[in-house]
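Heads up, the thing below is written out as structure tokens.
Values quoted throughout were computed directly from the atomic coordinates according to the rules given, and no laboratory measurement underlies them. Every value quoted in this text rests on a predicted model; they were computed, and no experiment measured them. Glycine also receives a Cβ, built like all others from the backbone with ideal geometry; neighbour counts cover every protein chain displayed.
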Ligand SMILES: Cc1ncc(C[n+]2csc(CCOP(=O)(O)OP(=O)(O)O)c2C)c(N)n1
Ligand code: SF4
Ligand SMILES: [Mg+2]
């Protein structure tokens, strides 16, 4: 735990080396300072050292300027969340110092740029202050013109010194980052890095060393959730997509636009989100599951066409990187408030699939799962991620791409006859033939948003509408029955069960660990298939006195949050309650525990 | 180009991994008969202009020996947009106003197909107006035939974006007050590379325009006047010689590559001219994307898809 640092460092003490398991470093400055780059280097280094890593970033809504932070937690054991409090704060400016000192653990280290920050005497007793003229040193190392570009790398050198990080590995990472550019840029970067590393750190500071991580075997890859999702779609065989830019979804469309041509595919930037989903459905109809995506208002725009895909039973993957809503809302905030629109958005009865990755690795594999569900069940599948998971960098075991990558090319083999909406199939699953396929009977299908008969021709028959509505529902019930029941984290019986979905798995599990360490009876489950839900959750719930659904959305008119309301409706169980918040920040572990305590008046320790 | 409809492409252009459909060679198959092309009996009112457009689409399919599986007909919502149900071929009845982006999705991922889109004036210029502009400017390869009846037919006589001033509709009982859109001007200024005008009362002309549109490598747009006998009877009489009107073809002297001349033609008061107003050859979006792909794929020749992805992952270690 990160307590280790605070306990071991002593101000003014002789320099010594202490060994630690993990550390939380928060870097605060302005967005143009390349703060994300420092965080990225540390994250990547951790990945290469087989350490666990998790990052947390806030991006300012303004384009340039604006306060920005990057928090990285690196550890030799399992790292579940980006950490409630920082062990080290690196503050580039006065405002960084003033607004982030409170996020530092008592007894933690604040390393500040003494060219910009005047520390507050009052705080000196609570935090170890270490002022280093970062700006001045950078000018000394690489000259005045490049200083704004080199400050972050110099700071990386300081961190490398403090934590005895692997210098050859970092040099290699810096080399990779600046390859292909003007060689003087790489030289400057290395000069700045070494100037930082050579700093004696005021001779007052003890330094730290990570205990060796256990080898996991195989390489680790380090990326953020948006990247993992984009690459997952490529691995899944997706070769066509369309989108319209909006934060935080844009990264995915930019990646696909850049990468797909190598595979002979195309991603189109359209005039709006309606065109984007329409074009993606056209791509799917043409024979290969296609993708569209958006965030916030863009998702609202897609709902009419989404309903068509449900009605016509057309496979499609829709990525929703959630942000704060409604309307333009809080574009750079984290929120899980799109569950309702994902599951129910649009008019009419329109069942579709919604899945939610819990971490960056999931983003990769669940993109593939989404494509396969869409294809098998001929249905739109929404992947719900959020601002938090989209931008956070994690390390995970490198997938075996040769095994994982799949080919979903269409099959044009002529058939004798074809009925896309065949009612005689017990599971209700439709199969479409892509245009170009010859049908020897000479009877060709129409795909349509009107209620239709088995060939796709319009019908006004109430009987057919009932049958087709049931067909579209039944296939998802079949999917639900095939889904794995989530594993319980912690014992299967106890006082409290925390239920989460999406990006909150890490802090929820850490809350379970912390509560259990304190002797409280808490377990958790994480739901990745939110619509349809897997069967059998009631058996899990029956083992607990309280089922608390932890969500980053409003409690709603009836007080249970978006998933909470669904679980209550399905299980009619009064012990299901919600723990909800809308502050736009990831859950802190202690926040979950405190809220759980207030919620369960009887206290945590029952059973 | 039209040949894509009757020949098996060597390789399906920019989607490298889409194998071309296996179909018998050209000589083994005869063209389709009208009986084989016709599907559901049209639900249009007797006398509706849309019947002629459908009949001429059948003629086109017959004449150009297109095969069932190669015909892809896409439409939005409206009376005219019911078109795909009446054609015995792969067809799509999409949502109101969004047929063009859907068709673009097919066109850009399936260069072996020529996509035809049919729809009404409301579908094209009101709810779908922005898609019209962008599909035209991107020059996505397809043929778009707007069956313009100057009214909303399916929803029973509301003002359409092409209704002339003074037209008495259910939403303008005193006569339309909003200035109408001029589809030809709209298409030219949006950047369409083929812009033609025809009318359902001149079958030979409709067929000629359809053929020329289909042969055009790019976004080809036809405004086909198509009378709604139910809600706007007689709208186009002034263009029909049998009703005492005049059918003026585009003058022989007109230079179809001259954008300003085309714009001027489009400014003529009704009944104006019929024929090809504008036609230029510009690289299509399909061709441009294929070019980007060829250049990126040349850097990864011989690699399997997973090996291409592996190169990215190597950098993420
Ligand atoms: C989103 C949406 N809004 C409104 C409608 C209702 N609607 C259906 S067709 C139509 C207009 C049809 O006019 P036009 O496109 O000119 O086709 P026509 O019937 O005249 O051939 C309208 C308003 C709809 N189907 N969808
Ligand atoms: S209402 Fe008008 S456009 Fe519609 S079918 Fe009847 S005549 Fe044709
Ligand atoms: Mg109309």
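The table that follows gives values for the structure above.
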{"quantity": "Computed helical MRE - 222 nm, the protein assembly as shown, DSSP H runs ≥ 4 contributing -39500 (n - 2.57), nearest 500", "calculated": "-10000 deg cm²/dmol"}
{"quantity": "Within 10 Å of each Cβ in A:440-453, the average number of Cβ atoms from other chains", "calculated": "5"}
{"quantity": "Rounded tilt (10° steps) of A:167-177 against the dominant C-alpha axis of chain A", "calculated": "50 degrees"}
{"quantity": "Mean Cβ neighbour count within 10 Å, used as a protection proxy, ranking B:290-296, B:29-35, A:504-510, A:326-332 highest first", "calculated": "A:504-510, B:290-296, A:326-332, B:29-35"}
{"quantity": "Simple spin-label estimate for residue B:229 and residue B:177 in nanometres, 7 Å along Cα-Cβ", "calculated": "3.5 nm"}
{"quantity": "Near-label residues of the stretch A:405-447 by backbone N, under 19 Å of a point 7 Å along Cα→Cβ of residue A:349", "calculated": "A:421-430"}
{"quantity": "10 Å Cβ neighbours from other chains, averaged over peptide A:281-292", "calculated": "6"}
{"quantity": "Scattering profile of the stretch A:222-404 at q = 0.14, 0.15, 0.20 Å⁻¹ [log10 I(q)/I(0), Debye over alpha-carbon scatterers]", "calculated": "-0.65, -0.75, -1.43"}
{"quantity": "Whole-percent pair-distance distribution, where bins are 20 Å wide, for the alpha carbons of the stretch B:3-315", "calculated": "32, 54, 13, 1"}
{"quantity": "Neighbour-count ranking [beta-carbon atoms within 10 angstrom, fewest first] of A:76, A:482, B:81, A:114", "calculated": "A:482, A:114, A:76, B:81"}
{"quantity": "Shielding by partners, peptide A:267-275 (average Cβ within 10 angstrom, other chains)", "calculated": "5"}
{"quantity": "Isotropically averaged projected area of the stretch A:413-482, using the convex hull of Cα atoms (one quarter of hull area), nm²", "calculated": "5.3 nm²"}
{"quantity": "Neighbour-count order for A:270, A:247, B:72, fewest beta carbons within 10 angstrom listed first", "calculated": "A:247, A:270, B:72"}
{"quantity": "Ranked A:165, A:173, B:100, criterion: other C-beta atoms within 10 Å, fewest first", "calculated": "A:173, A:165, B:100"}
{"quantity": "Helix B:305-315 vs. chain B, principal-axis angle (Cα, 0 to 90°, nearest 10)", "calculated": "70 degrees"}
{"quantity": "Gyration tensor (Cα) of chain A, equivalent ellipsoid semi-axes in angstrom", "calculated": "47, 29, 20"}
{"quantity": "Between the stretch A:329-406 and the stretch A:104-153, the alpha-carbon center distance in angstrom", "calculated": "40 Å"}
{"quantity": "Part-to-part distance (alpha-carbon centres) for the stretch B:200-215 and the stretch A:495-515, which is given in Å", "calculated": "67 Å"}
{"quantity": "Folded to 0 to 90 degrees: helix A:35-48 orientation relative to chain A principal axis, Cα", "calculated": "80 degrees"}
